[in-house]
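What follows is calculated from the coordinates using simple rules that are stated; it is not laboratory data. Note that the structure is predicted; figures quoted are calculated from it, not measured. Cβ atoms come from the backbone with ideal geometry, glycine included; neighbour counts cover every protein chain shown.
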Amino acid sequence: MKIAIDIDGVVVDLVESWLRKFHPDHVKEDMYSWSGFDGVGSTVEEFFEEICELTVNDIIMIKDASETIKRIREKHDVFFLTDKHSGVMGWTVGVLKKYGLGNIEFINCKVEDKQKEEYNYDVLIDDCPLRIDDGRLYMFDQPWNRSIYFNNRVFGWLDFESKI
Ligand SMILES: [Mg+2]
């Protein structure tokens, strides 16, 4: 199978990394929706500004992500499919290298001006509640997508590995 993997919220625990550095009095559950910055006393503009200031050493990984991706790669064709703006590419590339994932194909659909659903894959694992539930999607459980129903919801990487 061809498996597309989103990065933020799936491989990199971006919200947790951001909160620890800039809003340590908040927890991830305060981000109760995709636009739930009110719960953190922040705005989407501040969020994007602040995540550009993160460094590789600030980044917390999602539990089991790098080990499971390496195992899945032995059986499947895996690539990263992200829609990041250029300001965060520095630490993104650094983090993937640090955790031994730097040699995996990397597509930034923002650069190609395409939606993720336009790409050729059998499975997409993503945490964004705006994604289309087209039968290929596995929603990676996070507080900001929990209130929305998806056919395939996974609770962590080991759960995903057991379901594909
Ligand atoms: Mg994401």
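Annotation: amide H-H contacts under 5 Å for VAL154 (H modelled 1.01 Å from N, sequence separation of 5 or more, or interchain): MET139, PHE140, ASP141.
Oblate is the label for region 14-54, because the ratio a/c of its alpha-carbon gyration tensor axes (a ≥ b ≥ c) is 1.5 or higher and a/b is not greater than b/c. Specify whether the C-alpha gyration tensor of region 62-127 places it in the rounded, prolate or oblate class, a ≥ b ≥ c being the square roots of the eigenvalues: rounded for a/c under 1.5, otherwise prolate if a/b is larger than b/c and oblate if not. Oblate is the answer for region 62-127, as a/c is 1.5 or above yet b/c matches or exceeds a/b. Taking Cα centre as origin and charging only the Cβ of basic (Lys, Arg, +1) and acidic (Asp, Glu, -1) residues, the dipole magnitude of the chain rounds to 640 debye. Magnitude of the charge dipole for region 25-69, about its Cα centre and with charges confined to Cβ atoms of Lys, Arg (+1) and Asp, Glu (-1), is about 220 debye. At a Förster radius of 30 Å, what calculated FRET efficiency corresponds to the Cβ-Cβ distance of ARG73 and ASP133, to the nearest 0.05? According to the calculation, E is roughly 0.75.
Got a sec? Charge dipole of the chain, +1 on Cβ for Lys and Arg, -1 for Asp and Glu; which of SER147, TYR119, SER33 is way out at the positive end? Farthest towards the positive end: TYR119. Overall form of region 14-97: prolate. Here a/c, set by the Cα gyration tensor axes a ≥ b ≥ c, is 1.5 or more, and a/b is the larger of a/b and b/c.
Computed 3J(HN,Hα) for region 22-32, one whole-Hz value per residue from the Karplus formula 6.51 cos²θ - 1.76 cosθ + 1.60 where θ = phi - 60°, is 10, 9, x, 8, 10, 10, 4, 5, 5, 8, 7, glycine and proline marked x. With the charge dipole of the chain set up from +1 on Lys and Arg Cβ and -1 on Asp and Glu Cβ about the Cα centre, the Cα lying farthest toward the positive end among the listed residues ASN57, PHE47, PHE79 is that of PHE79. In order along region 80-97, phi translates into HN-Hα couplings of 8, 10, 10, 10, 8, 7, 4, x, 10, 5, x, 6, 4, 5, x, 5, 4, 5 Hz, rounded to whole numbers, per the Karplus curve 6.51 cos²θ - 1.76 cosθ + 1.60 with θ = phi - 60° and x for Gly and Pro.
Of the cross-linked pairs LYS63/LYS116; LYS21/LYS84; LYS28/LYS75; LYS75/LYS163; LYS2/LYS163, which ones have a Cα-Cα span greater than 22 Å in the structure shown? The answer is LYS63/LYS116; LYS28/LYS75. As a rough guide to protection, the peptides 62-68, 43-49, 13-19, 118-124 ranked by mean Cβ packing within 10 Å, highest first, stand as 13-19, 62-68, 118-124, 43-49. Taking amide hydrogens as placed 1.01 Å from N in the peptide plane, the amide H of LYS84 sits under 5 Å from those of CYS109, LYS110, each at least 5 positions away in sequence or on another chain.
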